Amino acid sequence: MKNGLLIFILTAFFSCAGKNDLPSDIIAPKKMQEVFWDYIMADVYATEFLKKDSNINVTIENIKLQEKIFKLHKTTREDFYRSYTWYSNHKELMTIMIDSMIKGKQREINKVKPVVLKPL
């Protein structure tokens, strides 16, 4: 379910191809991957877990989470969305960035060794 949702979110960002030169005001691919991953995870957390609490305004909490992410990665909402729009308009670079992001996360998951519990 989570993988399907992630793939759906990521493929929704693909759009028209265009010029491949990275403008100076666009977040570099490696950093964009890190910010984008955290952004997606925050959105999934807000929409899948926080929505279960009727006392929480999911939209406001999601915005708060996003601001924490931007602060953590030393960027701004404006820089992120400008970069997101630029990558969305450059399909081949967006595809490379997302593929690299997913493969990196898969490598991280594969490094985790399962814990084998022995009977008492």
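The residue pairs whose first member lies in segment 27-42 and is under 17 Å from D99 (Cβ atoms), whose second member is among the basic types (K, R), and whose beta carbons are closer than 8 Å, counting only pairs six or more residues apart or on different chains, are W37/K105. Selection of segment 63-98 for residues being in contact with a Ser or Thr (Cβ under 7 Å, 6 or more places away or on another chain) and either under 13 Å from Y39 (Cβ atoms) or open to solvent by less than 60 Å² (accessible area, probe 1.4 Å) (or both) yields F70, S88, M94.
The values are calculated or read from the model by the stated rules, or taken from the named source; none is laboratory data. If you're wondering where the values come from, they're calculated on a predicted model, not measured in any experiment. As a convention, Cβ positions derive from the backbone with ideal geometry for all residues, glycine included, and neighbour counts pool all protein chains shown. What goes into the accessible areas is simple: the full protein's heavy atoms, side chains included, and nothing from ligands, DNA or RNA. Shrake-Rupley method; radii C 1.70, N 1.55, O 1.52, S 1.80 Å.
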